[in-house]
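Visitor: What follows is a structure written as structure tokens; I'll ask about it next.
The values are calculated or read from the model by the stated rules, or taken from the named source; none is laboratory data. Since the model is a prediction, treat every value here as computed from it, not as a measurement. Glycine also receives a Cβ, built like all others from the backbone with ideal geometry; neighbour counts cover every protein chain displayed. Just the protein is used for accessible areas: all its heavy atoms, side chains included, with ligands, DNA and RNA removed. Shrake-Rupley method; radii C 1.70, N 1.55, O 1.52, S 1.80 Å.
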Amino acid sequence: MILGIDEAGRGPVLGPLVVAAVALRPQRGAALTRRGVCDSKVFGAGPDARAKRAELAGHVVRLADSVGVEVIDHQEIDRYTARGLLNELERRAARSLIAAAPPVERIVADGINVFGPLSREFSHLEAFDHAEAVHVAVAAASIVAKDRRDRLFADIAGRYRAEFGEVRGGGYVNAATADFLRRYYGRYGCFPQETRRSWAWRFLVELDPPSLPLFESPGGPGVHTPRQSLPE
């Protein structure tokens, strides 16, 4: 049996980060592959993509030996990112998921820099970039994590819909998210409570300089993210 570990929501400026772990036996992993389980990002954004991930997440829950999820809220993300420890926050979540999972022969995690150091604690753990292509258990974890984050962000969007209309962009660093934040700030003089203030997005910083330290990385002009790499 193999335990796959992946996350969703590392890069957004709004909402939580979700880390998931899925334990799969070979035959059931093959069944999930036949049903179309793969990297959650392949499905894109929008209602159809969310519906497809939800459908596949249901198959994962039904066929997996175990499914574990850790949700990390924006405040905890800010506390760790302000100290340059976002990777360690994800490793903390992974440790908890591994402890709760059944015994497995192999652990495969997505992200060498993030999860690779855990191999010193778990000799049967291997970390790869794009590990969803290495084993379907990681792809299944990707689907579960993204589906949970889809649902959590839908709750966030629902809190503001009546006043601001549909909140688009998934909370990621994009024009739709900027539009929502600009309108919210214009009305209230602050950002929504779910905003990650440790994100050094130029738009955010210019509108309301934060009190937390910011960690920049080469992200192209106009979009600055925490110094650590921020995949979806």
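Visitor: What's the number of the condition E132 fails, among (1) touching a helix residue (DSSP H, G or I) at 6+ places or on another chain (Cβ under 8 Å); (2) surrounded by fewer than 20 Cβ atoms within 10 Å (Cβ to Cβ); (3) of a type in the set (D, E, K, R)?
Guide: Among (1) touching a helix residue (DSSP H, G or I) at 6+ places or on another chain (Cβ under 8 Å); (2) surrounded by fewer than 20 Cβ atoms within 10 Å (Cβ to Cβ); (3) of a type in the set (D, E, K, R), the lone unmet condition for E132 is (2).
Visitor: Do we find a residue being of a type in the set (D, E, K, R) and over 17 Å from the mean Cα position of the chain (by Cα) anywhere in the range 58-75?
Guide: Let us first name the residues in the range 58-75 that are of a type in the set (D, E, K, R), namely 62, 65, 70, 73.
Subset that is over 17 Å from the mean Cα position of the chain (by Cα): 62, 65.
Yes, the range 58-75 contains a residue that is of a type in the set (D, E, K, R) and over 17 Å from the mean Cα position of the chain (by Cα).
Visitor: Restricting attention to the range 185-212, which residues are open to solvent by 40 Å² or more (accessible area, probe 1.4 Å), in a helix (DSSP H, G or I) and out of contact with any Phe, Trp or Tyr (no Cβ under 7 Å at 6 or more places or on another chain)?
Guide: Hits for the range 185-212 are G186, R187, Y188, R202, V205, E206.
Visitor: Do we have any residue at all in the range 191-206 that's in contact with a Gly (Cβ under 6 Å, 6 or more places away or on another chain), at pLDDT below 90 and either closer than 30 Å to H59 by Cβ or of a type in the set (D, E) (or both)? Write out each step before concluding.
Guide: Keep residues of the range 191-206 that are in contact with a Gly (Cβ under 6 Å, 6 or more places away or on another chain), which gives 194, 202.
Still in the list and also at pLDDT below 90: 202.
Okay, now just the ones that are also either closer than 30 Å to H59 by Cβ or of a type in the set (D, E) (or both), so none.
Scanning the range 191-206 turns up no residue that is in contact with a Gly (Cβ under 6 Å, 6 or more places away or on another chain), at pLDDT below 90 and either closer than 30 Å to H59 by Cβ or of a type in the set (D, E) (or both).
Visitor: Kindly check whether there is at least one residue in the range 55-67 that is among the small types (G, A, S), open to solvent by 20 Å² or more (accessible area, probe 1.4 Å) and over 20 Å from I156 (Cα atoms).
Guide: So far as the range 55-67 goes, yes, one or more of its residues are among the small types (G, A, S), open to solvent by 20 Å² or more (accessible area, probe 1.4 Å) and over 20 Å from I156 (Cα atoms).
Visitor: Which count do you get for residues in the range 37-54 that are free of Cβ contacts under 8 Å to residues at least 40 places away in the same chain and open to solvent by 30 Å² or more (accessible area, probe 1.4 Å)? First the steps, then the outcome.
Guide: Taking the range 37-54 first, the residues free of Cβ contacts under 8 Å to residues at least 40 places away in the same chain are 42-44, 46-49, 51-52.
Still in the running and open to solvent by 30 Å² or more (accessible area, probe 1.4 Å): 42-44, 47-48, 51-52.
Total meeting the criteria: 7.
Visitor: Something else: Please go through (1) open to solvent by 40 Å² or more (accessible area, probe 1.4 Å); (2) over 23 Å from V173 (Cα atoms) for D73 and return the number of the only condition it doesn't satisfy.
Guide: Exception for D73: condition (2).
Visitor: For the subset of the range 101-117 comprising residues that are in contact with a Ser or Thr (Cβ under 8 Å, 6 or more places away or on another chain) and surrounded by fewer than 23 Cβ atoms within 10 Å (Cβ to Cβ), which member is nearest to A141 (Cα to Cα)?
Guide: A101
Visitor: Scanning for something under 30 Å from D65 (Cβ atoms) and open to solvent by 30 Å² or more (accessible area, probe 1.4 Å), does the range 176-184 turn up at least one residue? Explain how you work it out, then say what you get.
Guide: Of the residues in the range 176-184, the ones under 30 Å from D65 (Cβ atoms) are none.
No, because not a single residue in the range 176-184 is under 30 Å from D65 (Cβ atoms) and open to solvent by 30 Å² or more (accessible area, probe 1.4 Å).
Visitor: Next question. Anything in the range 13-65 that is of a type in the set (A, V, I, L, M) and touching a Pro at 6+ places or on another chain (Cβ under 8 Å)? List them, or say none. Can you show your working first?
Guide: Of all residues in the range 13-65, those of a type in the set (A, V, I, L, M) come to 13-14, 17-24, 30-32, 37, 42, 45, 49, 51, 54, 56-57, 60-61, 63-64.
Correct list: L14, A23.
Visitor: Under 9 Å between Cβ atoms, at least 6 apart or on separate chains: pull out the pairs that start in the range 122-149 with a residue that is within 15 Å of V61 (Cβ to Cβ) and end on any residue that is open to solvent by 10 Å² or more (accessible area, probe 1.4 Å) and polar (S, T, N, Q).
Guide: Final answer for the pair search is V136/T33; A139/T33.
Visitor: Evaluate the range 48-70: report whether one residue or more is among the β-branched types (V, I, T), at pLDDT 90 or above and assigned to a strand (DSSP E or B).
Guide: Yes, the conditions are met somewhere in the range 48-70.
Visitor: Within the range 152-169, identify whether any single residue is open to solvent by 80 Å² or more (accessible area, probe 1.4 Å) and outside any helix (DSSP H, G or I), and answer yes or no.
Guide: Looking through the range 152-169, at least one residue is open to solvent by 80 Å² or more (accessible area, probe 1.4 Å) and outside any helix (DSSP H, G or I).
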